[in-house]
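Asker: Have a look at this one.
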Amino acid sequence: MLYQGSCHCQAVKFEVEAPEVIDADYCNCSICRKSGYLHLIVPASRFRLVSGLYDLTTYTFNTGIAKHTFCKHCGVKPFYTPRSNPDGVDVNVHCLDVPSQNVNITHFDGQNWEKHAHTLAHKSKDM
């Protein structure tokens, strides 16, 4: 399915191709927990930024590999480049304009990221 999404003010709009039943990850690391992020990691080829490139700002920390992108206007993080899958895109399921009625949520222990990151590596690969 092709989903449309956006930040709160809709300056940033995107499309993502994902299954009708979405497999999402809830991470308990500090940034995900505090921002309420629900992860849908896809190959970069299944994501398209429709508008708002210049409305985004980027935040990095720790290793600097993850590129956390936020709307400069409303502060919402609709997607980012994850450290676990730098070849993919991680979409915030909460930012889909019409959320899937079927979302399977898996809990990911991001507080112990180094120990569990390998379990996410397959998500950015085209199948």
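Asker: Taking the Cα centroid of the range 37-59 and of the range 80-103, what is the distance between the two, rounded to the nearest whole Å?
Answerer: First find each Cα centre; the distance between them is then 8 Å.
Asker: Which ³J(HN,Hα) values, rounded to whole Hz and listed in residue order, are derived for the range 12-29 from phi using the Karplus coefficients 6.51, -1.76 and 1.60 in 6.51 cos²θ - 1.76 cosθ + 1.60 with θ = phi - 60°, glycine and proline given as x?
Answerer: 10, 10, 8, 10, 9, 8, 8, x, 4, 9, 8, 9, 10, 10, 9, 9, 9, 5
Asker: What residues qualify as long-range amide H neighbours of Cys29, i.e. H under 5 Å apart, gap of 5 or more or another chain, H built at 1.01 Å from N?
Answerer: Amide H neighbours of Cys29, under 5 Å, 5+ apart: Gly110, Gln111.
Asker: Nothing charged except the Cβ atoms of Lys and Arg (+1) and of Asp and Glu (-1): what's the magnitude of the dipole of the chain about its Cα centre? Round to the nearest 20 debye.
Answerer: About 380 debye.
Asker: Taking only pairs that are 8 or more places apart or on different chains, how many Lys pairs in the chain have Cα atoms under 21 angstrom apart?
Answerer: Close lysine pairs under the 21 Å cut-off: 13.
Asker: Please sort by residue number the chymotrypsin sites (Phe, Trp or Tyr not before Pro) in the range 20-127 whose DSSP state is loop and whose Cβ has at most 13 other Cβ atoms within 10 Å.
Answerer: Phe61
Asker: What nm value, rounded to one decimal, do you get for the distance between Thr58 and Cys74 when each label is placed 7 Å out toward the C-beta?
Answerer: 2.3 nm
Asker: Compute the Rg/Rh shape ratio of the range 10-127: radius of gyration over Kirkwood radius, all on alpha-carbon atoms.
Answerer: 0.93
Only the coordinates and a few stated rules stand behind these numbers; no lab work does. Please read these numbers as outputs of a predicted model, since none were measured by experiment. Please note: Cβ atoms are built from the backbone with ideal geometry, for glycine as well, and neighbour counts cover all protein chains shown.
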